[in-house]
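The values are calculated or read from the model by the stated rules, or taken from the named source; none is laboratory data. All figures in this text were calculated on a predicted structure; none of them were measured in a lab. Here Cβ is always computed from backbone atoms with ideal geometry, including for glycine, and neighbour counts include all displayed protein chains. Areas reflect the complete protein model, heavy atoms only, side chains present, ligands, DNA and RNA absent. Shrake-Rupley method; radii C 1.70, N 1.55, O 1.52, S 1.80 Å.
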Amino acid sequence: MPKLRGEAFWRETLRSAHYVVAPMVDQSELAWRLLSRRHGAQLCYTPMLHAQVFLRDANYRRENLYGEACPEDRPLIVQVRAATARGPPGTATGAHPGLPAGLPERRCLPGHYGAFLQEEWDLLQRMILLANEKLSVPITCKIRVFPEIAKTVKYAQMLEKAGCQLLTVHGRTKEQKGPLAGVASWEHIQAVRKAVSIPVFANGNIQCLSDVEECIRKTGVHGVMTAEGNLHNPALFEGRNPLVWEMAEEYLEIVQKYPCPLSYVRAHLFKLWHHTLQVYQQLREELAKVKTLEGIVDVNRELKHRCQEEIANQKEGEKPKEGLPFFHWICQPYIRPGPKERCKENEASGTEKGMRGKRALEEEEDGHSELLSKNKQKKKLRNPNKSFDPSLKPKYAKCDQCGNPKGNKCVFNMCRGCCKKRAFKETADCPGHGLLFKTKYEKSLSWQSSQRIIQTPELSRRDVDVGDSAGDR
């Protein structure tokens with residue numbers, strides 16, 4: 001079939017999708033996509049796939065796109081990460097590639113992906129031009145905004161000109177993430193929508209169905225995308241706030257049919273049960289430690305049982321606590337506190353100013369108390385003997401070249417990466433890093449020399465034989 005473009009692509013291939021589940025790192029697996037589609041989502045994305053690995057590794061393609069055999073997982077956009085214009089990856093039938101030029105995850109920095117490409121317009125343009133030329137399916141892009149509306153509009157127009165057929169605009173800058181996320185700018189999104197002729201999706205500030213409707217009305221976009229809102233309430237696009245255990249049980253049933261890494265399942269349960277796990281801290285720790293899917297199902301069952309007991313003992317007229325709009329066992333958004341709110345929480349709890357506002361555990365260790373973050377608590381549970389005293393941490397010498405920790409036995413006083421470059425350039429050895437360029441080169445010369453010695457006597461004998469026969473003649 002011919003490659004559709006712009007409005008025709010959105011209307012016919014994407015079936016005029018208005019309700020979109022955002023691509024999410026380690027959270028957009030097939031099981032979650034199917035759950036979201038059952039409850040109103042009209043379009044989903046795969047997790048971010050590495051373009052070069054996708055090209056060379058059949059197992060990687062099979063593991064990440066085995067949803068090809070799942071017809072209800074359509075329409076689907078495959079999110080591809082790349083940092084060069086060497087050539088696009090192949091795509092599954094019926095799936096369409098999207099370039100995540102707006103992903104601000106720190107893991108994108110070393111590979112130079114996502115929002116870290118935001119200032120390299122020439123490279124992005126070449127990547128989209130090449131993909132648009134080589135692939136038989138349309139290309140979509142997802143971006144974050146610049147502080148200036150005019151620059152954001154120019155950026156969007158460049159992507160459209162390069163061949164992007166649908167553009168998703170997250171109304172935050174790449175610096176706005178985590179506790180600094182703040183409010184997304186629908187003004188930027190509206191300006192982009194007016195400036196381009198291709199379909200536009202909006203992303204940001206979506207916590208319930210009324211937000212979706214208001215965003216479409218104010219910005220004029222074709223559809224609205226959500227991530228956090230969907231993770232806390234998969235029925236968001238239905239305009240419902242179901243019981244958490246209903247969504248959790250349905251999701252776990254789908255996982256039984258379409259397995260995924262246990263870390264994905266655990267992360268989804270943490271989001272769904274977020275407010276309840278603030279009440280039942282012990283079950284939170286159990287969910288963090290459990291090693292099997294059956295164990296996660298058991299924790300989910302116990303959370304359901306606790307909530308049902310709480311409902312049975314509820315007094316008439318009792319209202320939700322902690323300022324929540326609903327009781328904690330009902331799916332509802334989680335409003336991430338900003339920096340000012342976090343400082344107030346810290347002061348109220350007696351912690352030092354600037355310390356993380358999330359729960360901290362006070363433990364007595366070696367005669368002094370220390371506050372452990374949530375991640376350190378998990379590490380402590382896995383290894384009770386682990387110490388987090390900064391004075392006990394080993395001090396690493398830095399690489400002369402890049403500042404990373406150097407190898408203890410490196411002859412150049414460098415990290416392995418810098419050492420390898422220098423050893424190769426100078427044809428030198430570094431036993432500390434196991435790099436033997438000089439030794440291998442000398443062995444190669446020795447082998448070539450031995451081959452010449454072996455060949456020379458044979459040539460001499462042949463010459464003598466030829467001479468003798470000539471003399472006989």
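Could you give log10 I(q)/I(0) at q = 0.17, 0.23, 0.30, 0.31 Å⁻¹ for region 1-54, computed by the Debye formula over C-alpha point scatterers of equal weight, without solvent? Treating every Cα as an identical point scatterer, log10 I(q)/I(0) equals -0.66, -0.93, -1.05, -1.07.
Beyond 21 Å, what percent of the Cα pairs of region 114-201 remain? The answer is 27 percent, as a whole percent. For the listed peptides 433-439, 271-277, a ranking on the average number of other beta carbons within 10 Å per residue, highest first, reads 271-277, 433-439.
Add +1 for every Lys or Arg and -1 for every Asp or Glu among the other residues with Cβ under 15 Å from the Cβ of Ala202, and state the total. Neighbour charge sum, excluding Ala202 itself: +2. Working value for region 244-312: equivalent-ellipsoid semi-axes of 19, 13, 10 Å, each the square root of 5 times a Cα gyration tensor eigenvalue, largest first. Within the accessible area of region 244-312, the carbon and sulfur atoms contribute 51%, probe 1.4 Å, all protein chains present. Projected onto the charge dipole of region 188-302 (+1 at Lys/Arg Cβ, -1 at Asp/Glu Cβ, origin at the Cα centre), which of Ala202, His268, Gln281 gives the Cα projection farthest towards the positive end? Most positive-ward Cα: Ala202.
Its Cα centre serving as origin, region 398-448 has a Cβ charge dipole (Lys and Arg +1, Asp and Glu -1) of approximately 160 debye.
Surface exposure of region 398-448, expressed per residue as accessible area with a 1.4 Å probe, stands at 74 Å². Among the listed pairs Lys161/Lys194; Lys289/Lys315; Lys177/Lys421; Lys142/Lys376; Lys142/Lys194, those with a Cα-Cα distance over 25 Å are Lys289/Lys315; Lys177/Lys421; Lys142/Lys376.
For region 398-448, the Kirkwood radius over C-alpha pairs fed into Stokes-Einstein at 20 °C and 1.002 mPa s yields D = 194 µm² per second. Region 166-296 gives an Rg/Rh value of 1.05, both radii derived from C-alpha positions and Rh following Kirkwood.
Between Asn383 and Glu316, what is the spin-label point distance in nm, taking each point 7 Å from the Cα along the Cα→C-beta axis? A separation of 5.7 nm, rounded to one decimal place. At a 1.4 Å probe, what is the % contribution of carbon and sulfur to the accessible area of region 398-448? Exposed carbon and sulfur together represent 51 percent of the surface. In loop segments of region 183-289 as defined by DSSP, there are no GluC sites (Glu not before Pro) with at most 14 further C-beta atoms inside 10 Å of their C-beta. Using C-alpha pairs below 8 Å separated by at least 6 residues, the relative contact order for region 244-312 is 36 percent.
Taking 7 Å steps out from each Cα toward its Cβ at Met158 and Ser450 produces label points 5.7 nm apart.
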